[in-house]
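First the structure, in the form of structure tokens, and then the observations on it.
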Amino acid sequence: MNTIFTEHLLSVMIVIPFLGIAIIACIQDQEWIRRVALGCTLGAGALSLVLLKEFDFSTQGMQFVERMAWMPTFNIQYAVGVDGISLLLVLLTTLLCPFCVLCSWKSITTRVRSFMAMILLVEGAMIVVFTALDLFLFFMLWEVTMIPMYFMIILWGGPQRIAAGIKFVLYSLSGSLILLLAILGLYVEGGRTFDILALAEKTYSPDAQFWIFLAFFLAFAIKLPMLPFHTWLPDAHSEAPTAGSVLLAGVLLKMGGYGFLRFCLPMFPEASVTFAPYILWLSVAGIVYGGYMALAQSDLKKLVAYSSISHMGFVTLGIFVFNNHGIQGAILQMVNHGITTGALFLAVGQLYDRTHTRSIHDYGGLQKSMPRFVALFCLFSVASFGLPGTCNFIGEFLVLVGTSFKSYVMVLLSMGGIVLAAAYMLWMLQRVVLGQPKNPTISQLPDLSIRELATVIPLAVLVLGIGLYPSPLMEMMDSSVTHLVQHMAQYQVGMLHEVAIR
């Protein structure tokens, strides 16, 4: 393949969504606005497949690196690159964005240009966040992602959209300010550079590690979100339009997990080990709490939102056990959660477009009028609680295997969260899919159209494909995860040696 093209592949991927925004700004016809948005997201997705094809799985370092001086006075660069961890999240981003356009094709009828621009802005910003090798660039685009999500909620959301949007911004802004403090502290302690790779190779004093890690952790915990920083998530999900919920659950939450892997573990190993026991127990509490709260919901969107809190608990649990099984499981869980939860929000949105209600009590008997929808909805629901053969199973299994090296009690409690997930998903399916319709109009609902099938069938294929054959994803991240685990192991051995000397 052309060397110049591959050298600038990431930049081309980043430019396409922003170029799409400029193009649709000049178009008046709403149908063509939708087509251009879909074309841009599909174009970025095609380039991500080229990125995957050219990626060297045997190398743990950054690939496709591009650097250009931006603000030399402050050592700020435009610098991007991918490793096995960030590649998976870039692929997830470019996978979900076309489905966000498709699911909004008929449901969004006002301010269509602005809505499609918001989707493209999120996509472009997220690609930069997952590929940035400069802290300033990372923070700037981290902030940008907040803007389109806020407007999606308050302009196209439900009846409580204003309160939900403000709550989302307040939490996000608080996390961002804490993140800025962490970045400034790292900049000063790291020799006044924003280069992420250079900062990861430096050694920091115990006090600096403690405080900077704590700031990074709080910022990422709010974004993930971890218990007790989670309260913005159910409101944001329940009021956001379908595409907003898919982007929020499928992509934006992953920024927190990615931050732990990119900053906390490699840069602050001492602080990571110090805080790990508390984070692990918070993760277990989040798994059980999210499942318990989901069990109490009567709103379909809120049920899926609380399930996200439980699933993200598995992510942090896997990351902070510091072994290959746990971290690979956590990364897989991030990808799998994006696929299954994104698909569930798409399915709920398809129902809402027909009935304009999300209350579980208003449904029943859907298997008679919407058999195609029911088959896919059941697949995504059982995948959400980790049925063997579906994608979530392998991620949760690896996390539990990794956790077993730390504590069997944590494993048992986390398995309780899986039992709760099975309970609330099967309970929801029983009341929505089976029985007799609560409303006569339910029995006359049309089944999924060709466009709607095109939105969810690819995700169904991935649910089964990853569940039955996860090896390709494991190979992508293996070198990068092994390097990270070895880095943590070297530190832990050194710490034990120091304790023995004392």
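Values quoted throughout were computed directly from the atomic coordinates according to the rules given, and no laboratory measurement underlies them. Predicted model only: the values in this text are computed from it and were never measured. Using ideal geometry, Cβ is built from the backbone for each residue, glycine included, and neighbour counts are taken over all protein chains shown.
Remarks
- Its Cα gyration tensor gives the stretch 1-147 an equivalent ellipsoid; the semi-axes, largest first and in whole Å, are 28, 18, 13.
- For the stretch 252-296 and the stretch 157-173, distance of Cα centres in Å: 24
- Expressed as a whole percent, the proportion of Cα-Cα pairs in the stretch 294-417 lying more than 18 Å apart is 54%.
- Just so you know, the Cα atoms of the stretch 1-245 work out to an Rg and Dmax of 18.9, 59 Å.
- Normalised size of the stretch 268-502, defined as Cα radius of gyration per 2.2 N^0.38 Å with N residues, equals 1.15.
- Model label points for Ser407 and Val461, set 7 angstrom from Cα along the Cα-to-Cβ axis, are 4.3 nm apart.
- Binned Cα-Cα distance frequencies in the chain - 10 Å width, integer %: 4, 20, 32, 27, 13, 4, 1, 0
- For the stretch 437-488 versus the stretch 28-54, the spacing of their alpha-carbon centroids is 20 Å.
- Relative exposure of Cys391, Cys378, judged by other C-beta atoms within 10 Å (fewest first): Cys378, Cys391
- Peptides ranked, highest mean first, by Cβ atoms within 10 Å: ranges 328-340, 40-52: 328-340, 40-52
- For the pair Ile450 and Lys106 in one chain, pulling the backbone fully straight at 0.36 nm per residue adds 122.5 nm over the alpha carbon distance.
- Equivalent ellipsoid, the stretch 12-71 (semi-axes from 5 times Cα gyration tensor eigenvalues, Å): 30, 16, 5
- For the peptides 117-127, 366-376, residues were scored by their other Cβ atoms within 10 Å and the scores averaged per peptide; the highest-first order is 117-127, 366-376.
- The fraction of Cα-Cα pairs per 5 angstrom bin, counted from 0 for the stretch 421-460, comes to 5, 18, 15, 17, 25, 18, 2 percent, rounded to whole percents.
- Residues Val485, Val101, Val90 in ascending order of nearby Cβ atoms (within 10 Å, fewest first): Val485, Val90, Val101.
- Sites Gln28 and Lys438, calculated FRET efficiency, Cβ-Cβ separation with R0 30 Å, nearest 0.05: 0.10
- Computed [θ] at 222 nm, helices only, for the chain once each DSSP H run of length n ≥ 4 contributes -39500 (n - 2.57): -24500 deg cm²/dmol
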